[in-house]
Amino acid sequence: MTYRLKYDPAAEAVHDALPAAHSERLSLALAAACDDPIGATEPYGEDDGVVRMLVIDHVIAVLLVGGVTKTLTVLQLNYTG
């Protein structure tokens, strides 16, 4: 992985509470985003390359891409299922 994954504590709690299938899909999508944060995500509002969205079935994650620190921080998770 090119980027190191970090979590906001509240977002981590949501991930831990997800049903197993959704949690696994989210983990795989986050791993892909760590390899290519821009290619694996969508712009969040204005495309500044810093705040991005990861959208999978029933889960939306808001991510902060730290280009200098090589970190991908999960700021917020929403479960829609």
Query raised in the report: Restricting attention to region 51-68, which residues are open to solvent by 50 Å² or more (accessible area, probe 1.4 Å), over 15 Å from residue 81 (Cβ atoms) and within 12 Å of the chain's Cα centre (by Cα)?
Result: 64
Query - Residue that is nearest to the chain's Cα centre (by Cα) [pool: residues in region 28-46 that are without any contact (Cβ under 8 Å) to a residue 12 or more places away in the chain and closer than 17 Å to residue 75 by Cβ] - result: 43
Report task. Return the pairs, sorted by first residue and then second, in which the second residue is part of a strand (DSSP E or B) and not polar (S, T, N, Q), the first residue lies in region 57-73 and is on the phi > 0 side of the Ramachandran plot, the beta carbons are less than 7 Å apart, and the residues are 6+ apart or on different chains. Result -> 58/79; 70/4
Report summary line: Picking from 21, 11, 32, the residue that is in a helix (DSSP H, G or I), at pLDDT 95 or above and either among the hydroxyl-bearing types (Ser, Thr, Tyr) or touching a strand residue (DSSP E or B) at 6+ places or on another chain (Cβ under 7 Å) (or both) would be 11
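The values are calculated or read from the model by the stated rules, or taken from the named source; none is laboratory data. This structure is a prediction, so every number in the text was calculated from the model and none was measured. Reconstructed Cβ throughout: ideal geometry from the backbone, glycine too, with neighbour counts over all protein chains shown. The area values use the complete protein model at the heavy-atom level, side chains included, leaving out ligands, DNA and RNA. Shrake-Rupley method; radii C 1.70, N 1.55, O 1.52, S 1.80 Å.
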